[in-house]
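The values are calculated or read from the model by the stated rules, or taken from the named source; none is laboratory data. Keep in mind that this is a model prediction, so the values were computed, not measured. Don't worry about glycine lacking a Cβ; one is built from the backbone with ideal geometry, like all the others, and counts go over all protein chains shown.
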Amino acid sequence: MRAMAKLMVAWEAGGYLGHEMLVTAAALELKHAGHDVLVCAPQGVPANAAARREGLRWDELPGEAPPPAPSTGFRWKSRATSLWSFGFHSAHWLRGRVSAWSDLLAREAPSAVVLQAAPCAQLAARAAGVPSLEFGIGFDVPPRQSPFPPFRNPDAFTVEAGQAFERRLVEMIQQACPVGDQTLAALVSGDRRLVVSLPELDHYAGAPDPSRLFAGPLPAVTMGGATAEWRGPGPRLLAYIRASAVEVPAFLDAAAALPGDWIVVCPDGTEAHAAQATQSSPGRIRFHREPLSLGGLLPQADLVICHGGGLMAEALVHGRPCVAMPIHQEQFMATTAMTHHGLGAMLAPRAPALFADVWRRVLADPGVQANALALSARQHALATGSGQALVRSVQDLLRAGA
(Lines give C-alpha, C1' and ligand atoms only; values in the text may rest on other atoms or scores of the structure.)
Protein backbone atom coordinates (compact mmCIF):
# COMPACT_ATOMS: atom_id res chain seq x y z
CA MET A 1 0.00 0.00 0.00
CA ARG A 2 1.31 3.46 -0.90
CA ALA A 3 2.77 5.33 2.07
CA MET A 4 0.73 8.36 3.02
CA ALA A 5 2.44 11.74 2.85
CA LYS A 6 1.50 14.96 4.55
CA LEU A 7 0.73 17.57 1.90
CA MET A 8 -0.21 21.23 2.02
CA VAL A 9 -2.33 22.52 -0.89
CA ALA A 10 -2.58 26.30 -1.02
CA TRP A 11 -3.33 29.41 -3.00
CA GLU A 12 -3.02 33.08 -2.20
CA ALA A 13 -3.34 35.17 -5.38
CA GLY A 14 -6.74 35.64 -6.97
CA GLY A 15 -10.02 36.00 -5.15
CA TYR A 16 -12.23 34.29 -7.69
CA LEU A 17 -14.05 30.99 -7.34
CA GLY A 18 -11.92 29.37 -10.03
CA HIS A 19 -8.84 29.34 -7.79
CA GLU A 20 -10.78 27.85 -4.90
CA MET A 21 -12.30 25.14 -7.10
CA LEU A 22 -8.90 24.21 -8.56
CA VAL A 23 -7.37 23.88 -5.10
CA THR A 24 -10.38 21.93 -3.81
CA ALA A 25 -10.26 19.55 -6.78
CA ALA A 26 -6.53 18.95 -6.32
CA ALA A 27 -6.88 18.43 -2.58
CA LEU A 28 -9.67 15.90 -3.06
CA GLU A 29 -7.69 13.93 -5.65
CA LEU A 30 -4.73 13.73 -3.28
CA LYS A 31 -6.89 12.86 -0.27
CA HIS A 32 -8.60 10.07 -2.22
CA ALA A 33 -5.12 8.77 -3.13
CA GLY A 34 -4.45 8.29 0.58
CA HIS A 35 -2.50 11.42 1.50
CA ASP A 36 -2.99 13.59 4.58
CA VAL A 37 -4.00 16.93 3.06
CA LEU A 38 -4.26 20.43 4.54
CA VAL A 39 -5.79 23.19 2.42
CA CYS A 40 -4.48 26.65 3.21
CA ALA A 41 -6.74 29.39 1.87
CA PRO A 42 -6.55 33.19 1.92
CA GLN A 43 -8.02 34.88 4.94
CA GLY A 44 -11.80 35.09 4.73
CA VAL A 45 -12.29 32.01 2.54
CA PRO A 46 -13.91 29.29 4.69
CA ALA A 47 -14.12 25.64 3.73
CA ASN A 48 -16.66 25.12 0.96
CA ALA A 49 -19.40 22.48 0.92
CA ALA A 50 -17.29 19.91 -0.95
CA ALA A 51 -14.38 20.30 1.47
CA ARG A 52 -16.66 19.96 4.48
CA ARG A 53 -18.42 16.93 3.03
CA GLU A 54 -15.11 15.18 2.35
CA GLY A 55 -13.58 16.10 5.70
CA LEU A 56 -10.71 18.13 4.24
CA ARG A 57 -8.59 19.96 6.78
CA TRP A 58 -8.89 23.66 5.96
CA ASP A 59 -7.00 26.63 7.35
CA GLU A 60 -6.93 30.33 6.52
CA LEU A 61 -3.67 32.24 6.49
CA PRO A 62 -4.14 35.76 7.86
CA GLY A 63 -2.25 38.61 6.33
CA GLU A 64 -2.37 42.31 5.58
CA ALA A 65 -3.00 43.65 2.11
CA PRO A 66 0.15 45.00 0.45
CA PRO A 67 0.66 48.74 0.04
CA PRO A 68 -0.38 50.14 -3.35
CA ALA A 69 2.18 49.34 -5.99
CA PRO A 70 3.73 52.21 -7.91
CA SER A 71 3.54 52.00 -11.67
CA THR A 72 6.22 49.96 -13.38
CA GLY A 73 6.35 52.49 -16.19
CA PHE A 74 6.09 49.70 -18.79
CA ARG A 75 3.39 49.16 -21.40
CA TRP A 76 4.08 45.41 -21.41
CA LYS A 77 3.00 43.01 -18.70
CA SER A 78 4.49 39.68 -17.64
CA ARG A 79 4.58 37.38 -14.63
CA ALA A 80 7.14 39.79 -13.19
CA THR A 81 4.83 42.82 -13.38
CA SER A 82 2.01 40.72 -11.90
CA LEU A 83 4.25 39.87 -8.93
CA TRP A 84 5.13 43.54 -8.57
CA SER A 85 1.44 44.45 -8.38
CA PHE A 86 0.76 41.56 -5.99
CA GLY A 87 3.15 43.00 -3.42
CA PHE A 88 6.70 42.15 -4.47
CA HIS A 89 7.45 45.87 -4.75
CA SER A 90 7.56 46.04 -0.93
CA ALA A 91 10.32 44.14 0.85
CA HIS A 92 8.64 44.86 4.19
CA TRP A 93 5.30 43.36 3.14
CA LEU A 94 7.00 40.46 1.40
CA ARG A 95 9.06 39.68 4.52
CA GLY A 96 5.92 39.47 6.64
CA ARG A 97 4.11 37.33 4.12
CA VAL A 98 6.97 34.86 3.66
CA SER A 99 7.42 34.73 7.44
CA ALA A 100 3.76 33.75 7.89
CA TRP A 101 4.12 30.93 5.36
CA SER A 102 7.40 29.84 6.94
CA ASP A 103 5.75 29.61 10.36
CA LEU A 104 2.95 27.50 8.87
CA LEU A 105 5.44 25.18 7.16
CA ALA A 106 7.38 24.77 10.41
CA ARG A 107 4.20 23.98 12.32
CA GLU A 108 2.72 21.53 9.82
CA ALA A 109 5.99 20.04 8.48
CA PRO A 110 4.52 18.84 5.15
CA SER A 111 6.44 16.43 2.98
CA ALA A 112 5.64 18.65 -0.02
CA VAL A 113 3.49 21.63 -0.97
CA VAL A 114 1.09 21.81 -3.92
CA LEU A 115 0.66 25.45 -4.87
CA GLN A 116 -1.79 27.31 -7.08
CA ALA A 117 -0.98 30.99 -7.64
CA ALA A 118 0.94 31.13 -4.35
CA PRO A 119 4.24 32.94 -4.97
CA CYS A 120 5.00 33.84 -1.33
CA ALA A 121 4.33 30.27 -0.24
CA GLN A 122 6.71 29.13 -2.99
CA LEU A 123 9.45 31.42 -1.63
CA ALA A 124 8.92 30.07 1.88
CA ALA A 125 9.04 26.49 0.61
CA ARG A 126 12.19 27.22 -1.38
CA ALA A 127 13.89 28.73 1.70
CA ALA A 128 12.80 25.80 3.89
CA GLY A 129 13.82 23.13 1.38
CA VAL A 130 10.27 21.78 1.03
CA PRO A 131 9.57 20.24 -2.42
CA SER A 132 6.87 22.01 -4.40
CA LEU A 133 4.47 21.28 -7.21
CA GLU A 134 3.11 24.34 -9.00
CA PHE A 135 -0.20 23.89 -10.84
CA GLY A 136 -2.89 25.93 -12.54
CA ILE A 137 -4.05 27.10 -15.92
CA GLY A 138 -1.33 28.08 -18.38
CA PHE A 139 -1.43 31.71 -17.29
CA ASP A 140 -0.55 30.72 -13.70
CA VAL A 141 2.29 28.41 -14.79
CA PRO A 142 4.22 30.52 -17.30
CA PRO A 143 7.33 29.31 -19.11
CA ARG A 144 10.26 29.23 -16.69
CA GLN A 145 12.33 31.70 -18.65
CA SER A 146 14.53 34.62 -17.71
CA PRO A 147 12.99 37.05 -18.21
CA PHE A 148 9.41 35.81 -18.14
CA PRO A 149 7.76 36.28 -21.57
CA PRO A 150 5.27 39.14 -21.85
CA PHE A 151 1.56 38.42 -22.05
CA ARG A 152 0.45 41.95 -22.99
CA ASN A 153 1.93 44.42 -25.47
CA PRO A 154 4.88 42.17 -26.43
CA ASP A 155 5.88 44.70 -29.09
CA ALA A 156 6.93 47.08 -26.30
CA PHE A 157 8.97 44.41 -24.49
CA THR A 158 12.72 44.00 -24.64
CA VAL A 159 14.79 41.28 -23.03
CA GLU A 160 17.08 43.90 -21.48
CA ALA A 161 14.18 45.75 -19.83
CA GLY A 162 12.66 42.50 -18.62
CA GLN A 163 15.91 41.30 -17.07
CA ALA A 164 16.61 44.64 -15.38
CA PHE A 165 13.12 44.74 -13.88
CA GLU A 166 13.37 41.16 -12.64
CA ARG A 167 16.69 41.94 -10.94
CA ARG A 168 14.81 44.58 -8.90
CA LEU A 169 12.30 41.95 -7.79
CA VAL A 170 15.04 39.47 -6.90
CA GLU A 171 16.67 42.13 -4.72
CA MET A 172 13.34 42.63 -2.91
CA ILE A 173 13.04 38.88 -2.39
CA GLN A 174 16.58 38.65 -1.04
CA GLN A 175 15.75 41.33 1.52
CA ALA A 176 12.68 39.33 2.57
CA CYS A 177 13.95 35.76 2.86
CA PRO A 178 17.17 33.72 2.75
CA VAL A 179 17.48 32.72 -0.88
CA GLY A 180 20.52 32.62 -3.05
CA ASP A 181 21.36 34.62 -6.14
CA GLN A 182 18.94 33.02 -8.59
CA THR A 183 16.71 34.20 -11.40
CA LEU A 184 13.19 35.31 -10.58
CA ALA A 185 11.81 32.33 -12.50
CA ALA A 186 13.89 29.90 -10.44
CA LEU A 187 12.72 31.47 -7.17
CA VAL A 188 8.97 31.62 -7.80
CA SER A 189 8.49 28.48 -9.92
CA GLY A 190 7.74 25.05 -8.48
CA ASP A 191 10.08 22.08 -8.61
CA ARG A 192 7.42 20.29 -10.68
CA ARG A 193 4.92 22.18 -12.83
CA LEU A 194 1.51 21.01 -13.98
CA VAL A 195 -0.81 22.89 -16.35
CA VAL A 196 -4.36 21.73 -15.68
CA SER A 197 -5.72 22.86 -19.03
CA LEU A 198 -5.33 22.05 -22.72
CA PRO A 199 -2.31 22.78 -24.92
CA GLU A 200 -4.72 24.31 -27.43
CA LEU A 201 -5.65 26.97 -24.86
CA ASP A 202 -2.12 27.76 -23.74
CA HIS A 203 -1.64 31.41 -22.84
CA TYR A 204 2.02 31.15 -23.88
CA ALA A 205 1.81 29.24 -27.14
CA GLY A 206 5.07 29.70 -28.99
CA ALA A 207 7.14 29.80 -25.79
CA PRO A 208 7.88 26.10 -25.21
CA ASP A 209 9.08 24.94 -21.82
CA PRO A 210 9.59 21.23 -21.07
CA SER A 211 9.05 21.87 -17.35
CA ARG A 212 5.34 22.50 -18.05
CA LEU A 213 3.38 19.23 -18.16
CA PHE A 214 -0.14 19.55 -19.58
CA ALA A 215 -2.54 17.34 -17.64
CA GLY A 216 -5.96 18.58 -18.75
CA PRO A 217 -8.69 20.07 -16.53
CA LEU A 218 -9.08 18.44 -13.14
CA PRO A 219 -12.36 16.60 -12.45
CA ALA A 220 -15.15 19.03 -11.60
CA VAL A 221 -15.88 19.43 -7.89
CA THR A 222 -19.34 18.31 -6.83
CA MET A 223 -20.52 20.98 -4.45
CA GLY A 224 -23.73 19.22 -3.42
CA GLY A 225 -27.04 20.96 -2.92
CA ALA A 226 -28.73 22.05 -6.14
CA THR A 227 -28.75 19.73 -9.14
CA ALA A 228 -30.06 20.10 -12.65
CA GLU A 229 -30.68 17.89 -15.67
CA TRP A 230 -31.56 18.41 -19.28
CA ARG A 231 -35.30 18.29 -19.91
CA GLY A 232 -36.61 19.62 -23.19
CA PRO A 233 -35.66 19.27 -26.86
CA GLY A 234 -32.41 20.72 -28.08
CA PRO A 235 -30.36 22.59 -28.53
CA ARG A 236 -29.11 22.25 -24.96
CA LEU A 237 -27.42 25.45 -23.83
CA LEU A 238 -25.37 25.75 -20.65
CA ALA A 239 -24.33 29.21 -19.48
CA TYR A 240 -22.17 30.28 -16.54
CA ILE A 241 -22.17 34.06 -16.25
CA ARG A 242 -21.42 36.84 -13.78
CA ALA A 243 -23.97 39.59 -13.21
CA SER A 244 -21.08 41.93 -12.46
CA ALA A 245 -19.91 41.49 -16.07
CA VAL A 246 -23.07 40.79 -18.09
CA GLU A 247 -26.37 42.65 -18.32
CA VAL A 248 -28.39 39.69 -17.10
CA PRO A 249 -31.84 40.95 -18.18
CA ALA A 250 -30.55 41.47 -21.73
CA PHE A 251 -28.84 38.06 -21.63
CA LEU A 252 -32.10 36.39 -20.62
CA ASP A 253 -34.00 38.26 -23.35
CA ALA A 254 -31.52 36.90 -25.89
CA ALA A 255 -31.85 33.39 -24.43
CA ALA A 256 -35.64 33.60 -24.68
CA ALA A 257 -35.27 34.43 -28.38
CA LEU A 258 -33.28 31.24 -29.04
CA PRO A 259 -35.32 28.03 -28.82
CA GLY A 260 -33.79 25.31 -26.73
CA ASP A 261 -33.31 23.96 -23.22
CA TRP A 262 -31.35 26.48 -21.12
CA ILE A 263 -29.51 26.09 -17.83
CA VAL A 264 -28.08 29.42 -16.66
CA VAL A 265 -25.84 29.59 -13.59
CA CYS A 266 -25.20 33.07 -12.18
CA PRO A 267 -23.75 33.06 -8.64
CA ASP A 268 -24.19 36.81 -8.20
CA GLY A 269 -27.64 36.94 -9.83
CA THR A 270 -30.70 38.33 -8.09
CA GLU A 271 -34.22 37.15 -7.35
CA ALA A 272 -35.41 39.53 -10.05
CA HIS A 273 -33.21 37.76 -12.60
CA ALA A 274 -34.59 34.37 -11.57
CA ALA A 275 -38.14 35.70 -11.81
CA GLN A 276 -37.49 37.06 -15.31
CA ALA A 277 -36.19 33.69 -16.48
CA THR A 278 -39.25 31.92 -15.10
CA GLN A 279 -41.73 34.41 -16.53
CA SER A 280 -40.16 34.77 -19.98
CA SER A 281 -39.74 31.06 -20.70
CA PRO A 282 -41.40 28.87 -18.04
CA GLY A 283 -39.53 25.59 -17.69
CA ARG A 284 -37.27 26.32 -20.67
CA ILE A 285 -34.77 28.65 -18.98
CA ARG A 286 -33.74 27.49 -15.52
CA PHE A 287 -31.80 30.14 -13.61
CA HIS A 288 -29.57 29.04 -10.73
CA ARG A 289 -28.05 31.48 -8.25
CA GLU A 290 -26.48 28.78 -6.08
CA PRO A 291 -23.40 26.68 -7.00
CA LEU A 292 -24.30 23.90 -9.38
CA SER A 293 -22.26 20.84 -10.30
CA LEU A 294 -21.78 21.06 -14.06
CA GLY A 295 -19.82 17.86 -14.75
CA GLY A 296 -22.91 15.79 -15.53
CA LEU A 297 -24.36 18.48 -17.80
CA LEU A 298 -21.34 19.15 -20.03
CA PRO A 299 -21.26 15.93 -22.09
CA GLN A 300 -24.79 16.54 -23.45
CA ALA A 301 -24.58 20.31 -23.90
CA ASP A 302 -24.74 21.56 -27.48
CA LEU A 303 -23.16 24.91 -26.58
CA VAL A 304 -21.38 26.23 -23.48
CA ILE A 305 -21.42 29.96 -22.78
CA CYS A 306 -18.99 31.26 -20.18
CA HIS A 307 -16.30 33.83 -19.50
CA GLY A 308 -13.47 31.69 -20.82
CA GLY A 309 -12.01 30.23 -17.63
CA GLY A 310 -11.66 26.64 -16.56
CA LEU A 311 -15.18 25.76 -17.66
CA MET A 312 -14.19 26.39 -21.28
CA ALA A 313 -11.45 23.76 -21.08
CA GLU A 314 -13.81 21.30 -19.38
CA ALA A 315 -16.37 21.82 -22.14
CA LEU A 316 -13.85 21.37 -24.94
CA VAL A 317 -12.46 18.07 -23.66
CA HIS A 318 -16.05 16.82 -23.96
CA GLY A 319 -16.20 18.11 -27.55
CA ARG A 320 -18.59 20.94 -26.68
CA PRO A 321 -18.21 24.21 -28.65
CA CYS A 322 -18.00 27.41 -26.64
CA VAL A 323 -18.91 31.07 -26.81
CA ALA A 324 -16.75 32.96 -24.33
CA MET A 325 -17.15 36.48 -22.97
CA PRO A 326 -13.79 37.16 -21.28
CA ILE A 327 -13.58 39.70 -18.48
CA HIS A 328 -9.94 39.20 -17.40
CA GLN A 329 -6.70 39.17 -19.36
CA GLU A 330 -6.05 35.46 -18.86
CA GLN A 331 -9.59 34.66 -20.07
CA PHE A 332 -9.08 36.84 -23.13
CA MET A 333 -5.83 35.07 -23.96
CA ALA A 334 -7.35 31.60 -23.64
CA THR A 335 -10.43 32.62 -25.63
CA THR A 336 -8.24 34.02 -28.40
CA ALA A 337 -6.51 30.63 -28.58
CA MET A 338 -9.88 28.87 -28.61
CA THR A 339 -11.16 30.90 -31.56
CA HIS A 340 -7.83 30.46 -33.38
CA HIS A 341 -8.44 26.70 -33.32
CA GLY A 342 -12.01 27.13 -34.61
CA LEU A 343 -13.65 25.83 -31.44
CA GLY A 344 -16.20 28.60 -30.93
CA ALA A 345 -16.52 32.36 -30.76
CA MET A 346 -15.69 35.35 -28.59
CA LEU A 347 -18.17 38.03 -27.52
CA ALA A 348 -17.86 41.21 -25.52
CA PRO A 349 -19.79 40.59 -22.28
CA ARG A 350 -21.73 43.85 -22.68
CA ALA A 351 -22.79 43.44 -26.30
CA PRO A 352 -26.22 41.80 -25.84
CA ALA A 353 -27.43 42.79 -29.29
CA LEU A 354 -24.97 40.24 -30.72
CA PHE A 355 -25.62 37.37 -28.32
CA ALA A 356 -28.39 35.42 -30.03
CA ASP A 357 -26.93 35.76 -33.54
CA VAL A 358 -23.50 34.51 -32.45
CA TRP A 359 -25.02 31.61 -30.49
CA ARG A 360 -27.02 30.59 -33.56
CA ARG A 361 -24.00 30.87 -35.82
CA VAL A 362 -21.82 28.63 -33.64
CA LEU A 363 -24.62 26.07 -33.22
CA ALA A 364 -25.10 25.92 -36.98
CA ASP A 365 -21.41 25.80 -37.94
CA PRO A 366 -20.43 22.19 -38.82
CA GLY A 367 -16.76 23.15 -38.85
CA VAL A 368 -16.84 24.30 -35.23
CA GLN A 369 -18.68 21.15 -34.22
CA ALA A 370 -16.14 18.97 -36.05
CA ASN A 371 -13.17 20.82 -34.56
CA ALA A 372 -14.52 20.43 -31.03
CA LEU A 373 -15.14 16.71 -31.49
CA ALA A 374 -11.66 16.25 -33.01
CA LEU A 375 -10.07 17.98 -30.02
CA SER A 376 -12.03 15.75 -27.65
CA ALA A 377 -10.82 12.63 -29.46
CA ARG A 378 -7.25 13.92 -29.59
CA GLN A 379 -7.16 14.83 -25.89
CA HIS A 380 -9.21 11.93 -24.54
CA ALA A 381 -6.39 10.91 -22.21
CA LEU A 382 -6.32 14.39 -20.69
CA ALA A 383 -10.08 14.35 -20.26
CA THR A 384 -10.01 11.13 -18.29
CA GLY A 385 -6.62 11.11 -16.58
CA SER A 386 -5.94 14.55 -15.16
CA GLY A 387 -6.55 13.55 -11.56
CA GLN A 388 -4.20 10.59 -11.88
CA ALA A 389 -1.61 12.85 -13.53
CA LEU A 390 -1.71 15.17 -10.53
CA VAL A 391 -1.27 12.28 -8.10
CA ARG A 392 1.61 10.85 -10.16
CA SER A 393 3.34 14.23 -10.27
CA VAL A 394 3.15 14.55 -6.50
CA GLN A 395 4.44 10.99 -6.08
CA ASP A 396 7.35 11.75 -8.41
CA LEU A 397 8.07 14.92 -6.43
CA LEU A 398 8.09 13.00 -3.15
CA ARG A 399 10.40 10.32 -4.54
CA ALA A 400 12.79 12.95 -5.89
CA GLY A 401 12.88 14.70 -2.54
CA ALA A 402 13.29 11.55 -0.47
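See the values below:
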read-out: Selection status of A245, farther than 30 Å from L28 by Cα, surrounded by fewer than 22 Cβ atoms within 10 Å (Cβ to Cβ) and under 23 Å from the mean Cα position of the chain (by Cα); value: yes
read-out: Region 156-170, residues that are in contact (Cβ under 8 Å) with a residue 60 or more places away in the chain and either among the acidic types (D, E) or not assigned by TED's automatic domain parsing to the domain that holds W76 (or both); value: E166
read-out: Qualifying position, being in contact with a Ser or Thr (Cβ under 9 Å, 6 or more places away or on another chain) and more than 23 Å from L397 (Cα to Cα), among A215, A226; value: A226
read-out: Residue within region 360-368 that is assigned to a helix (DSSP H, G or I), among the basic types (K, R), surrounded by 14 or more Cβ atoms within 10 Å (Cβ to Cβ) and not assigned by TED's automatic domain parsing to the domain that holds V195 present; value: yes
read-out: Of all residues making up region 320-346, the number that are in a loop (DSSP other than H, G, I, E, B) and surrounded by fewer than 22 Cβ atoms within 10 Å (Cβ to Cβ); value: 4
read-out: Residue in region 287-309 that is crowded, with 22+ Cβ neighbours inside 10 Å, in contact with a Pro (Cβ under 9 Å, 6 or more places away or on another chain), small (G, A, S) and modelled with pLDDT under 95 present; value: yes
read-out: Qualifying residue in region 54-76 (condition: more than 23 Å from D140 (Cα to Cα) and buried (at least 19 other Cβ atoms within 10 Å of the Cβ)); value: yes
read-out: Complete set of residues in region 19-45 that are out of contact with any strand residue (DSSP E or B) (no Cβ under 9 Å at 6 or more places or on another chain) and either assigned to a loop (DSSP other than H, G, I, E, B) or surrounded by fewer than 19 Cβ atoms within 10 Å (Cβ to Cβ) (or both); value: H32, A33, G34
read-out: Whichever residue in region 347-356 is among the aliphatic types (A, V, I, L, M) and in a helix (DSSP H, G or I) and, among such residues, is nearest to A372 (Cα to Cα); value: A356
